[in-house]
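*Asks:* Submitted below is the structure of interest, expressed as structure tokens.
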Amino acid sequence: MKLALDWCLKSLVLSGILLAMPIRPVASFPANRSSDFGQLQADAQVRTALDWFAAHRPWIDDEQARLTEIPAPTFQEADRAAAV
């Protein structure tokens, strides 16, 4: 019986918390996000960086695969760190 009451109480508290949460984010997104992205792409430094990533994509993928194949359990990341 006590277990059922605990479950009911937890469910009731959880329901209250979820119902009290706002449905929409409190901070609104700026309406001109797409124009901000266009301005960012037009920046010469950003364009240079994006071009570099595009030109080196195969190397980046190979490096990521190589590094993630090195075992690195929690608190035992020394082998992977040495490879970087």
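*Asks:* Please find, among A4, A55, A49, the residue that is modelled with pLDDT of 90 or more, more than 23 Å from the chain's Cα centre (by Cα) and not aromatic (F, W, Y). Write out each step before concluding.
*Replies:* Numbers: A4 fails: modelled with pLDDT of 90 or more; A49 fails: more than 23 Å from the chain's Cα centre (by Cα).
Of A4, A55, A49, the one residue that is modelled with pLDDT of 90 or more, more than 23 Å from the chain's Cα centre (by Cα) and not aromatic (F, W, Y) is A55.
*Asks:* Further, regarding this structure: Given the structure, is S35 at pLDDT 80 or above, small (G, A, S) and surrounded by 10 or more Cβ atoms within 10 Å (Cβ to Cβ)?
*Replies:* Answer is no for this residue.
*Asks:* Moving to a separate point now. In this structure, is R80 in a loop (DSSP other than H, G, I, E, B), modelled with pLDDT under 90, of a type in the set (K, R) and on the phi < 0 side of the Ramachandran plot?
*Replies:* no
*Asks:* Also, quick follow-up: Are any of the residues in region 67-75 at pLDDT 90 or above, under 23 Å from the mean Cα position of the chain (by Cα) and hydrophobic (A, V, I, L, M, F, W, C)?
*Replies:* Scanning region 67-75 turns up at least one residue that is at pLDDT 90 or above, under 23 Å from the mean Cα position of the chain (by Cα) and hydrophobic (A, V, I, L, M, F, W, C).
The values are calculated or read from the model by the stated rules, or taken from the named source; none is laboratory data. Being a predicted model, the structure only gives us computed values, none of them experimental. Note that each Cβ is placed from the backbone with ideal geometry, even for glycine, and that neighbours are counted across all protein chains shown.
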